[in-house]
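Data block below; observations after.
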Amino acid sequence: MFEARLVHGNLLKKVLDAIKDLLTEASWDCADSGIQLQAMDNSHVSLVSVNLRAEGFDKYRCDRNLIMGMDLTSMSKILKCSASDDIITMKAQDNADTVSFIFESPSQEKVSDYQMKLMNLDQDHLGIPETEYACVIKMPSGEFARICRDLSNFGENIVIACSKEGVKFSAAGDIGTANVKLAQTSSVDKEEDAVVIDMQEPVTLTFACRYLNMFTKATPLSPQVSLSMHPDVPLVVEYAIGEIGQIQYFLAPKIGD
Amino acid sequence: EGRQHPIEMFYARE
């Protein structure tokens with residue numbers, strides 16, 4: 001028996017919004033410790049990893065490890081049937097071929113129950129080694145989304161250059177060039193407005209805008225985003241999922257032949 | 001501009 005109840009059901013809807021443009025289907029691995037998802041996008045350029053800790057749920061039970069392969073478009077359609085303040089419960093029997101989504105209104109006066117067929121998907125996990133990143137940039141997630149959106153108008157790629165002076169996002173194309181520089185903030189009223197750079201050595205990497213823009217669909221999950229960079233390894237873009245976990249996007253950099 | 005390689009080039013399959 002698997003059962004996971006989330007009073008802040010809206011977080012699950014936001015997680016789906018953050019992955020459904022990148023992935024059409026994926027497996028949710030349910031274990032005693034929580035729920036995890038790891039999947040590559042169809043082009044195998046980026047990798048998404050979602051981690052939802054068991055203790056973050058209001059009720060969590062997983063008697064046996066369970067892999068639930070889901071069509072994420074269908075899951076998203078079902079979650080759209082819930083209200084933003086609904087309590088969401090996911091439930092499945094051991095060896096079941098369906099999963100149930102139960103939506104309860106906060107007053108308990110309305111309870112909806114949706115069942116979805118599960119899929120058998122090929123599991124294709126990549127091992128992500130522990131990496132000491134040369135630069136870790138923490139910045140407001142809305143600012144990052146804005147920069148990616150604005151610079152996409154100039155070219156297909158964004159160059160991210162991190163140095164002790166700050167971080168510079170650049171793009172170039174037919175209409176001209178664009179540069180946005182952010183310095184580390186000295187003092188802010190709200191922690192979520194801070195730009196904090198932890199740099200061991202300067203790093204400059206180039207990434208496809210298209211993917212960065214898809215990652216920014218996670219912006220409603222968290223006021224801050226962290227960008228971890230290291231020479232010639234994938235960028236990690238990470239957003240917290242409330243108090244219950246995090247979503248990480250790994251994006252291969254563009255490198256010379 | 002650089003070339004886009006797949007993410008598997010950086011991480012091994014488990």
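Quick one: how many residues across the stretch A:11-52 are of a type in the set (Ser, Thr, Tyr) and touching a Lys or Arg at 6+ places or on another chain (Cβ under 9 Å)?
The total comes to 1.
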Of A:17, A:86, A:21, the only residue that is charged (D, E, K, R) and touching a strand residue (DSSP E or B) at 6+ places or on another chain (Cβ under 8 Å) is A:86
Subject >> Test for residue A:106: is it more than 14 Å from chain B (Cβ to nearest Cβ), surrounded by 17 or more Cβ atoms within 10 Å (Cβ to Cβ) and not polar (S, T, N, Q) >> reply: no
Within the stretch A:1-52, the count of residues that are of a type in the set (Val, Ile, Thr) and part of a strand (DSSP E or B) comes to 3
Within the stretch A:227-242, residues being closer than 19 Å to residue B:4 by Cα and not in a strand (DSSP E or B) number 5
From the option list A:136, A:159, single residue qualifying as touching a residue at least 40 places away in the same chain (Cβ under 8 Å), surrounded by 14 or more Cβ atoms within 10 Å (Cβ to Cβ) and either within 19 Å of residue A:248 (Cα to Cα) or more than 14 Å from chain B (Cβ to nearest Cβ) (or both) is A:136
| message | Condition (residue is within 30 Å of residue A:198 (Cα to Cα) and away from chain B (no Cβ under 14 Å)) applied to the stretch A:81-100: is it met by at least one residue? | response | no
Kindly indicate whether residue A:78 is assigned to a strand (DSSP E or B) and of a type in the set (A, V, I, L, M, F, W, C). no
Item to complete: Restrict the check to the stretch A:163-186 and report whether at least one residue is under 20 Å from residue A:233 (Cβ atoms) and either touching an Asp or Glu at 6+ places or on another chain (Cβ under 7 Å) or acidic (Asp, Glu) (or both).
Response: no
Subset of the stretch A:209-226, residues surrounded by fewer than 21 Cβ atoms within 10 Å (Cβ to Cβ) and not in a helix (DSSP H, G or I), comes to A:222, A:223, A:224
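Going by the structure shown, is residue A:96 surrounded by 12 or more Cβ atoms within 10 Å (Cβ to Cβ), more than 30 Å from residue A:207 (Cα to Cα), in contact with a Phe, Trp or Tyr (Cβ under 9 Å, 6 or more places away or on another chain) and at pLDDT 95 or above? Even if it seems obvious, please write down each step before you answer.
Numbers: surrounded by 12 or more Cβ atoms within 10 Å (Cβ to Cβ): yes; more than 30 Å from residue A:207 (Cα to Cα): yes; in contact with a Phe, Trp or Tyr (Cβ under 9 Å, 6 or more places away or on another chain): yes; at pLDDT 95 or above: no.
When the stated conditions are applied, residue A:96 does not pass them.
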Reported set for the stretch A:215-257 where residues are away from chain B (no Cβ under 14 Å) and among the charged types (D, E, K, R) is A:217, A:238, A:243
In the set A:69, A:56, A:9, the lone residue that is surrounded by fewer than 19 Cβ atoms within 10 Å (Cβ to Cβ), of a type outside the set (A, V, I, L, M, F, W, C) and within 19 Å of the chain's Cα centre (by Cα) is A:69
Check: Do we find a residue being at pLDDT below 95, acidic (Asp, Glu) and more than 25 Å from residue A:212 (Cα to Cα) anywhere in the stretch A:76-93?
Finding: no
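The values are calculated or read from the model by the stated rules, or taken from the named source; none is laboratory data. Fair warning: this is a prediction, and the values are worked out from it, not measured in the lab. Here the Cβ is made from the backbone with ideal geometry for all residues, glycine too, and neighbour counts use every protein chain on show.
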